[in-house]
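One structure is given below, encoded as structure tokens.
We did not get these values from a lab; they are worked out from the coordinates using the rules stated. All of these numbers come straight from a predicted model, not from anything done at the bench. Because the Cβ atoms are built from the backbone with ideal geometry, glycine has one as well, and the counts that use them run over all protein chains shown.
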Amino acid sequence: MQNTDVTIVGGGSAGLTLALLLAKQQLRVVLVEKGPAPAAITGSAPEYNRVSALNMASRRLFSQLGIWPELVAAAAAYTDMQVWEADSFASISFSAADQQLDALGYICDNEQLRQLLYCQLQQHPKVQCYFNMAISQLKQGEREVMLQLDNNNLILSQLLVGADGVNSYVRQHMQLPLTHWDYQHTAIVAKIRCTTPHQLTARQVFLSSGPLALLPLPEANLCSIVWSADTAEAQRLMALDDSAFNQALCAAAQAVLGPVSLESSRNAINLTMRYANCWQRGRVVLVADAAHSIHPLAGQGMNLGLMDVAALAQLIDQQHTAGEDIAEARMLRRYERWRKAEAQTMIVAMETFKRGFTAKSPLIKLLRGVGLAAANRLPVLKKQLMAHALGLQGDLPQRVKNNTADQ
Ligand SMILES: Cc1cc2nc3c(=O)[nH]c(=O)nc-3n(C[C@H](O)[C@H](O)[C@H](O)COP(=O)(O)OP(=O)(O)OC[C@H]3O[C@@H](n4cnc5c(N)ncnc54)[C@H](O)[C@@H]3O)c2cc1C
């Protein structure tokens, strides 16, 4: 039997970040992950098979955790962003220089992020990680939560955090109700080589079947794509051979990067909005994708989840410092209210974007074109839109408000 302060189920970006935050707050942490430990990066650079656009708020968090210099060294810091509609005049562009910033965001390799977090965690003797480990039982009492692992280990903790992603076992086991709807989009993810250098510009073109994002990677002619399309169209694209897919992609991107060719296999991911109606019960609480998942069209899902864990760690720290119960019901409800408000705002924004850009009515198309053209010429409005994208709006966790971490 093992006693600990916090057990975290799930070792994705959210679970590992939370473990590191809590370890730095001198708490004992056990992390249980059903998959393997993050793979060490063997070559000179990560594979970039799955990447995320991290915003300024996430950068601040990782700066404080000490992993930013290594993460950014292998990331593409994009300085410009272009968004346009394929068959109309609607377009908008953003530039870091206009906002007096050095970058608008950073395209980072997901596995490298996990690896850097795990590396730091290993320096904390109060943290124990179990990888390739299944859970056989989860029970909660009044004073503790009991987790039984497949190897028969029993872990008793004051608080258990479900950071186990979209199909969260913890959420289901605790019977926390879920609202969900199918976006009726499938995202095709791949790495591509383009003929024209991307010039550190993140591009997104809205096609009638859904958005196609072209995200720059550190090498000047490499991009990562997230091509979200109606499921039938995505199936058709997945069935094409590489050469036909390359042509379809070049046409969809309006040859903005010239002829392109696949540099990796294609991965298809069904997109579903999920929102847990209740994020905590007793001594169990949900964070990140276990609590909410959104359309990737604005690249905000991971950023949102990282702010959940920063918020939760902040509240736990306050309780711990005051010598109070770190799973106090009032504190967990406060966390839930705080982060639900942010998640709801994001869910509504994604739905508005998706509906707004896929509506085919000529009137909405006209309004879209006029609206974007106007927004593109209004520096004040652009600044506000940018502040949202940078993640610096809303009720931020304390450590992220502090902008001295921007180095
Ligand atoms: C196509 C696509 C593109 C995206 N692009 C962006 C982007 O550009 N920017 C951005 O901010 N976000 C992006 N996102 C969202 C982002 O990928 C997720 O929000 C983020 O990865 C969620 O992290 P997480 O740790 O909550 O979940 P996950 O990364 O899913 O981690 C959950 C972990 O829990 C483990 N687990 C599951 N069940 C169990 C169990 N029973 N026991 C133990 N462990 C378990 C899993 O193995 C996994 O390691 C994108 C999403 C998609 C689909």
> Mind checking the angle between helix 362-377 and the chain's longest principal axis? C-alpha axes, 0 to 90 degrees, to the nearest 10.
Replying inline: 80
> Using the beta-carbon distance between Ala232 and Gln398 and R0 = 41 Å, what value does 1/(1 + (r/R0)^6) give for FRET efficiency, to the nearest 0.05?
Replying inline: 0.30
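Per DSSP H run of at least 4 residues, take -39500 (n - 2.57); add these up for the chain, divide by its residues and hand me the 222 nm value, nearest 500 deg cm²/dmol. Display every interim value, and only then the final one.
Working: 12 runs with 146 residues, N = 407.
Helix contribution divided over all residues of the chain: -11000 deg cm²/dmol.
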>> Over the chain, how many pairs of lysines fall under 28 Å by alpha carbon, counting only those 8 or more apart in sequence or from different chains?
In response: 25
>> With equal scatterers on the alpha carbons only and no solvent term, can you work out the Debye log10 of I(q)/I(0) for the range 183-270 at 0.14, 0.23 1/Å?
In response: -0.41, -1.14
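Averaged over every viewing direction, what's the projected area of the C-alpha convex hull for the chain? Give it in nm², one decimal, please.
Working: hull surface 79.0 nm².
Orientation-averaged projected area of the Cα hull: 19.7 nm².
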> Along the positive direction of the dipole of the range 183-270 (beta-carbon charges: Lys, Arg +1; Asp, Glu -1; about the Cα centre), which of Ala213, Gln235, Ala251 reaches farthest?
Replying inline: Ala213
>> Can you order the peptides 145-157, 112-124 by their average number of other Cβ atoms within 10 Å per residue, highest first?
In response: 112-124, 145-157
> About its Cα centre, what dipole magnitude does the chain give when the only charges are +1 on Lys and Arg Cβ and -1 on Asp and Glu Cβ, stated in debye to the nearest 20?
Replying inline: 800
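Around Ser13, with a cut-off of 13 angstrom between Cβ atoms, what is the net charge of the other residues, counting Lys and Arg +1 and Asp and Glu -1?
Values: positive: Arg50, Arg114; negative: Glu33, Asp109, Glu111, Asp164, Asp289, Asp308.
That sum, taken over residues with Cβ under 13 Å, equals -4.
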> For Arg50, which sequence-distant residues (separation of 5 or more, or a different chain) have an amide H within less than 5 Å of its own amide H, given hydrogens modelled in the peptide plane?
Replying inline: Asn110, Glu111
>> Using +1 at the C-beta of Lys and Arg and -1 at the C-beta of Asp and Glu, which of Gln2, Trp279, Met307 has the Cα lying farthest in the positive direction of the dipole of the chain?
In response: Trp279
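Can you give the extra length, in nm with one decimal, that the chain gains between Ala322 and Thr272 once fully stretched, where that is 0.36 nm per residue apart less the Cα-Cα distance?
Working: separation 50, 0.36 × 50 = 18.00 nm, distance 4.01 nm.
The Ala322-Thr272 span can extend by a further 14.0 nm.
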